[in-house]
Amino acid sequence: MPQLAADIAAGQLAADIAAGQHLAAAVASLKLVPYDSDNPAIWFRLIDAQFLAAGIRAEKTRYAQALPSLPISVLRDILDVCDQCDASDAPYTLLKSSLIGQYGKSKWQTYFALLQFPLAIEALKPSLLMGKLKQLLPHGVSPDNDMFLAMFLLRLSPNTRETLGAMNLTTAAAMAAAADGLWDARGGDAPLCAAAALRPHRSSTPAPRSDGGKKADRRRSPAPFKKYQNPNNGKCLFHNFYGARATKCTKPCNWSEN
């Protein structure tokens, strides 16, 4: 029994040494993607995937890899955060949340960008459209909420929108998959122009007038100018207004000097 325990301990030690060597090799060969100052949340998603692929799970190891990848200009602004990370048991998580909160777009900025995403866009497969909309969601907000799904539906062609709306789908993934199925079955949709489909159609034929056409249209241009008639006092228009100072005269006119 003592020999068996010793063999187990030796085997465990050898496994630990091998794992340590593998981790050291993974850390040494790892090259993180460049930092994205415009969207720290996306950068952290990318390096999280790199850490996972390399088998790096320890908080302090991840922190030690991420910190040197930050620009000096960013490090100057987060020195106090770095001090907190040094004393924390989860330094990488603290660094991640601090950078996203400080440099990422605010919740309202991302919502405004989502609302301003064009309704009329070029033909795009629904799953790709869903991906573009997800990029505009605030960090930590689930895409499975009704408002986000409505924004997705609003940007699909009318036929696809009506079909998906009747399917009672509750997740973004299910809705994107169903929309892709409709897309493939129809051979792709025409360029999406949901905005035009939502506007009320205006007929080129004017609606019949309720008054039977008897009343004149107030917007119609005024009638052509009609020549003034001479006043009833016998004088012409010019002598009636200007008297002896009139330089013109129209007949008939009883002005005494004629």
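The values are calculated or read from the model by the stated rules, or taken from the named source; none is laboratory data. None of these values were measured; they are calculated from a predicted model. Note that we place each Cβ from the backbone using ideal geometry, even for glycine, and neighbour counts take in every protein chain shown.
A few comments on the model shown:
- Segments classed as helices (runs of 4 or more DSSP H), wholly inside the stretch 74-186, with at least 2 members that are hydroxyl-bearing (Ser, Thr, Tyr) and under 16 Å from the mean Cα position of the chain (by Cα): 107-115
- LYS235 modelled with pLDDT of 55 or more, out of contact with any strand residue (DSSP E or B) (no Cβ under 7 Å at 6 or more places or on another chain), surrounded by 17 or more Cβ atoms within 10 Å (Cβ to Cβ) and in a loop (DSSP other than H, G, I, E, B): yes
- Of the residues LEU129, LEU70, LEU124, LEU136, the single one that is under 18 Å from PRO40 (Cα atoms), out of contact with any helix residue (DSSP H, G or I) (no Cβ under 6 Å at 6 or more places or on another chain) and surrounded by 17 or more Cβ atoms within 10 Å (Cβ to Cβ) is LEU70.
- GLN102 touching a residue at least 12 places away in the same chain (Cβ under 8 Å) and loosely packed, with under 13 Cβ neighbours inside 10 Å: yes
- Subset of the stretch 106-118 [over 12 Å from LYS132 (Cα atoms) and either among the hydroxyl-bearing types (Ser, Thr, Tyr) or modelled with pLDDT of 70 or more (or both)]: SER106, TRP108, GLN109, THR110, TYR111, PHE112, LEU115, GLN116
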